[in-house]
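The structure under discussion appears below in the form of structure tokens.
The values are calculated or read from the model by the stated rules, or taken from the named source; none is laboratory data. Small disclaimer: the values here were computed from a predicted structure and weren't measured. Methodologically, a virtual Cβ is constructed for each residue, glycine included, from the backbone with ideal geometry; neighbour enumeration extends over all protein chains shown. To get the accessible areas, we keep the full protein, side chains included, count just its heavy atoms, and leave off ligands, DNA and RNA. Shrake-Rupley method; radii C 1.70, N 1.55, O 1.52, S 1.80 Å.
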Amino acid sequence: MRDLSLHILDIVQNSIKANSTFIKVHISEKPDDDKLALEIEDNGDGMDSDLLKRADDPFTTSRTTRRVGLGIPMLKESALKCEGEFNIYSEKDIGTKVFAAFSINHIDRLPIGDIGDTMIALITANPDMHFILKLESINGIFILDTAEVKKMLSGEMPEAGEKQEGENQYCVDINEFAVIQWLKEYIDEGIKNIFGGVLNEVDS
Amino acid sequence: MKSIAELEEIRRKTLEKISLRTSADGIRIVVGMATCGIAAGARPVMNAFVEEIDKRNLKNVTVSMTGCIGVCKLEPVVEVIDKNGNKVTYVKMTAEKAARVVVEHIVNGNVCLDLTIGAEQR
């Protein structure tokens, strides 16, 4: 994978396949040890301890088209080659958390990539999924919560008291292009504000 | 700074534009988005389809993603499925080819034969 955003897109596919309804992507800078932490958490099927032990083996996969599964092993490789860390926590029927950390200034650290593109691709294809994107650094915190977005789009404004008959007709879908386009700009701005000056590939 | 309150404005504007958009009996575009597809560049392909479909204001077309279709060396793979269930498989896609498929296949109904899996394997 060329950058972290592609890894995120890939790992989130695992969560979607595992029947998750909620997926949280958390990217944070840990300034004290010069690390960038990536955490992807879902409420899907989870793995039992046996499968969990084999999850970072490239010859473990749930698909039937072939016998290799490279998503998790490649993320692990990307983390370890820049003196990072990698871990998976999972509990059957509760969910899975994939954790990877990258040394920010290591020459082999992948650039963060286009997080906005990854998120809009995921949201377009999975409009019913509840996604949270959280970005965190010394610059502050950025949160995108698709539940909040949907609430705004449903037209149920807290201050607009009057409720109309057949309110669904006033509801705009989250995968409407104008919304997706706005989300992309919103996330791009978040990346710039939070990681500008922190990661040298992001302009501040 | 952008604020989430801007969505209210977008909601109003969008409501004026959309009348009835149903995806029940339309064309489905499915992009293979497993590790192999992503590594080969499926993400820009999918976003190009979404953008192009909006640009031409096409109704009844949905874009979604799926796992590995099974021909990883030909990724990015895109399947176009019409309302009768007929499927055309395009291989080695790019954002530029996606725009062409929308114009020629989705809009005008002419399959881009040179981009299909059949042409690739001949």
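Can you give me the angle between helix A:177-195 and the longest principal axis of chain A, using Cα atoms only, in degrees from 0 to 90, rounded to the nearest 10?
Once rounded, the angle reads 50 degrees.
May I ask which residue of B:F49, A:L110, A:V198 lies farthest towards the positive end of the charge dipole of the protein assembly as shown, with charges of +1 (Lys, Arg) and -1 (Asp, Glu) on Cβ and the Cα centre as origin?
It is B:F49, whose Cα lies furthest towards the positive end.
Say the dipole of the protein assembly as shown comes from +1 at the beta carbon of Lys and Arg and -1 at that of Asp and Glu; which of A:L153, A:S49, B:V71 then lies farthest toward its positive end?
So the residue furthest toward the plus end is B:V71.
What angle, in degrees between 0 and 90 and rounded to the nearest 10, separates the Cα long axis of helix A:71-80 from the longest principal axis of the Cα atoms of chain A?
Compared with the principal axis, the helix lies near 60 degrees.
Tally the DSSP beta bridges in chain A and give the antiparallel ones as a percent, rounded to 5.
Expressed as a percentage, antiparallel bridges in chain A total about 80.
Cβ under 14 Å from A:K92's Cβ, A:K92 left aside: what net charge do those residues give with Lys, Arg +1 and Asp, Glu -1?
-4
Quick one: order A:D32, B:D54, B:D114 from most to least accessible surface, probe 1.4 Å.
Sorted descending by solvent-accessible area, the residues read A:D32, B:D114, B:D54.
Whenever you get a sec, line up A:F177, A:F131 from highest to lowest accessible area (probe 1.4 Å, protein heavy atoms).
Largest accessible area first, the list is A:F177, A:F131.
What is the extension gain from B:E104 to B:E120, computed as 0.36 nm multiplied by their sequence separation minus the C-alpha to C-alpha distance, in nm to one decimal?
Gain in length upon complete extension: 3.9 nm.
Percent relative contact order of the range A:4-195, based on C-alpha pairs within less than 8 angstrom and at least six residues apart?
23 percent
So how many Lys-Lys pairs in the range B:4-120 land under 15 Å Cα to Cα, not counting same-chain pairs under 8 apart?
Count of close lysine pairs: 4.
How high is the FRET efficiency from B:L58 to A:Y89, r the C-beta distance, R0 45 Å, rounded to 0.05?
0.55
Loop only by DSSP, 15 or fewer other Cβ within 10 Å of the Cβ. Give me the GluC sites (Glu not before Pro) in the range A:3-109 that pass, ordered by residue number.
The qualifying sites are A:E83.
Just going by the charge dipole of chain A, with Lys and Arg at +1 and Asp and Glu at -1 on Cβ, which of A:L75, A:I138, A:L38 is farthest out on the positive end?
Most positive-ward Cα: A:L75.
Rounded to the nearest 10 degrees, what's the angle between the helix B:42-55 long axis and the longest principal axis of chain B, both from Cα atoms, 0 to 90?
For B:42-55 against chain B, the angle is about 50 degrees.
First select every other residue whose beta carbon is under 10 angstrom from the beta carbon of A:W182; then total the charges, Lys and Arg +1, Asp and Glu -1.
My count for the surroundings of A:W182 gives -2.
Compare B:E9, B:E52 by solvent-accessible area with a 1.4 Å probe and give them largest first, with all protein chains kept in place.
Order by accessible area, largest first: B:E9, B:E52.
Run the dipole for the range B:4-120 about the Cα centre, Lys and Arg Cβ at +1, Asp and Glu Cβ at -1, nothing else charged, and hand back the magnitude in debye, nearest 20.
Value, rounded to 20: 160 debye.
Report the accessible area of A:L51, computed with a 1.4 Å probe over the heavy atoms of all protein chains in place, in Å² rounded to the nearest 10.
Answer for A:L51: close to 60 Å² accessible.
What figure, in Å² to the nearest 10, do you get for the accessible area of A:Y186 with a 1.4 Å probe and non-protein molecules left out?
It works out to around 30 Å².
Dipole magnitude of the range A:4-195 about its Cα centre, charges +1 at Lys/Arg Cβ and -1 at Asp/Glu Cβ only, in debye to the nearest 20?
About 740 debye.
Determine the total buried accessible area between chain B and chain A, counting protein heavy atoms only with a 1.4 Å probe; round to the nearest 100 Å².
3200 Å²
Tell me, which cysteines of the protein assembly as shown are without a disulfide-compatible partner by the Cβ under 4.7 Å rule?
Isolated Cys, the protein assembly as shown: A:C82, A:C171, B:C68, B:C112.
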